[in-house]
Amino acid sequence: MTAFVLDNSVTMRWCFENTVNPHAESVLQRMSMGDGAVVPILWLYEFVSVLAKAERGGIIANAVAEAFLASLQSLNIEIDDRGADRVLTDVHALATTYRLTGYDAVYLELALRRNLPLDTELARACLAAWFSESVLLRPHPDGPHRSGPATGDHSAANRPSRYVEGTPSNADFARLPSQ
């Protein structure tokens, strides 16, 4: 069994037919075959908020939401509730250092603390993971890869052998607008 930090940006794609993508589907398939996910307690609030808003807005029917909740509960998802005491310290530091929202920094903090891959579709969180030396999961035939060092030479010669083209560089990070 492989464990990773699951971001709500991936989870919610499973619920809405018009947002399904190959990456989210591959994550769901891995989980249905036994891979386990770890999520911060914030994930529960984000999940419920998106689902409730979709139900209120008529985007999905209550029956569909209930079925989705039941199927989600059948997956191996561990709720990490030990991160709350790090919000005002580590999470804040990650948010300010990497120009993340507090929400995105919670997922990054969990991945770093537990030394787990971070599976997210949020570019800003991916970039922060790259520069903080976290492990990223990407839809790639070779599976997860480790990012390069937070500082130093990111040239092709110094990339890990499982480097996936398109992983952020210093220039990519510098171009991002602040939030």
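Brief remarks follow.
- Qualifying residues in region 5-23 (those that are hydrophobic (A, V, I, L, M, F, W, C) and more than 15 Å from P117 (Cβ to Cβ)) - the one modelled with the lowest pLDDT: V20
- Residue within region 118-136 that is touching a strand residue (DSSP E or B) at 6+ places or on another chain (Cβ under 6 Å), at pLDDT 60 or above and outside any helix (DSSP H, G or I) present: yes
- Condition met for N21 (exposed (fewer than 15 other Cβ atoms within 10 Å of the Cβ) and within 21 Å of E121 (Cβ to Cβ)): yes
- Some residue of region 67-86 being among the β-branched types (V, I, T) and within 23 Å of A111 (Cα to Cα): yes
- Helices (runs of 4 or more DSSP H) fully within region 4-110 counting 1 or more residues that are without any contact (Cβ under 8 Å) to a residue 12 or more places away in the chain and not charged (D, E, K, R): 22-32, 41-56, 62-73, 92-97
- Residue check for R56: loosely packed, with under 14 Cβ neighbours inside 10 Å and at pLDDT below 90: no
The values are calculated or read from the model by the stated rules, or taken from the named source; none is laboratory data. All of these numbers come straight from a predicted model, not from anything done at the bench. Don't worry about glycine lacking a Cβ; one is built from the backbone with ideal geometry, like all the others, and counts go over all protein chains shown.
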